[in-house]
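Asks: Input: one structure, supplied below.
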Amino acid sequence: MSNHSPDLDEQSRELFGRFDVLTREFLAPQQSANLSRSETTLLGFLAEHGPATMSEVSSLLGMALSSTTGLIDRLVERRLVERARPESDRRTVRVMLTTRGKRALETYTADKIRLARGMLERLEPRERDVLLGFFRKMTGGR
């Protein structure tokens with residue numbers, strides 16, 4: 001059975017148009033807009049798992065080691081992460097989250113919650129449940 005209907009393309013265009021409206025309205029004013037997706041992914045990983053090697057970071061982000069080095073350089077310059085060499089193996093470089101990096105991640109997370117809350121407040125409680133159910137289904141979650 002096909003999920004394709006004659007107006008699926010039209011509905012897809014409308015859906016992305018609606019996403020664009022939400023993006024302009026809710027994402028543009030975020031305080032944490034100066035963090036890229038790769039940066040927030042890395043900061044979140046370090047907050048959850050602790051220090052990581054450069055190769056672990058490259059693997060996590062799906063980036064070449066040279067690109068990862070550039071990303072880390074920028075984050076070190078902004079004092080969001082730091083590099084350290086463990087005493088046990090001075091050849092290994094580990095990337096660690098700084099206090100400033102933790103605060104940046106907290107701001108980013110607070111912005112995401114504020115964004116979601118702003119969208120959900122426009123809906124009735126039942127509509128919220130339905131919307132979240134749709135997103136769970138689309139993302140393969142429970």
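Asks: What about Arg126, is it farther than 18 Å from Val76 by Cα and not acidic (Asp, Glu)? Let's see the steps before the verdict.
Replies: Working: farther than 18 Å from Val76 by Cα: yes; not acidic (Asp, Glu): yes.
So Arg126 fits the description; yes.
Asks: Among residues belonging to region 85-142 that are touching a Leu at 6+ places or on another chain (Cβ under 8 Å) and outside any helix (DSSP H, G or I), point out the one that is least open to solvent (accessible area, probe 1.4 Å).
Replies: Per the criteria, the residue is Val95.
Asks: Taking the residues in region 20-59 that are modelled with pLDDT under 90 and touching a Ser or Thr at 6+ places or on another chain (Cβ under 7 Å) as candidates, determine which candidate is least open to solvent (accessible area, probe 1.4 Å).
Replies: Ser32
Asks: Are any residues in region 65-74 open to solvent by 60 Å² or more (accessible area, probe 1.4 Å) and among the aliphatic types (A, V, I, L, M), and if so, which ones? Reasoning before the result, please.
Replies: Let us first name the residues in region 65-74 that are open to solvent by 60 Å² or more (accessible area, probe 1.4 Å), namely 65-66, 73-74.
Once the filter is applied, which keeps residues that are open to solvent by 60 Å² or more (accessible area, probe 1.4 Å) and among the aliphatic types (A, V, I, L, M), region 65-74 yields only Leu65.
Asks: Going by the conditions given, is Glu121 acidic (Asp, Glu) and within 21 Å of Ser59 (Cα to Cα)? If you could, list the steps in order and put the result at the bottom.
Replies: On the way: acidic (Asp, Glu): yes; within 21 Å of Ser59 (Cα to Cα): no.
Criteria not met by Glu121.
The values are calculated or read from the model by the stated rules, or taken from the named source; none is laboratory data. The structure displayed is predicted, hence computed values, not measured ones. As a convention, Cβ positions derive from the backbone with ideal geometry for all residues, glycine included, and neighbour counts pool all protein chains shown. Just so you know, the surface numbers come from the protein's heavy atoms only, side chains and all, with ligands and any DNA or RNA stripped out. Shrake-Rupley method; radii C 1.70, N 1.55, O 1.52, S 1.80 Å.
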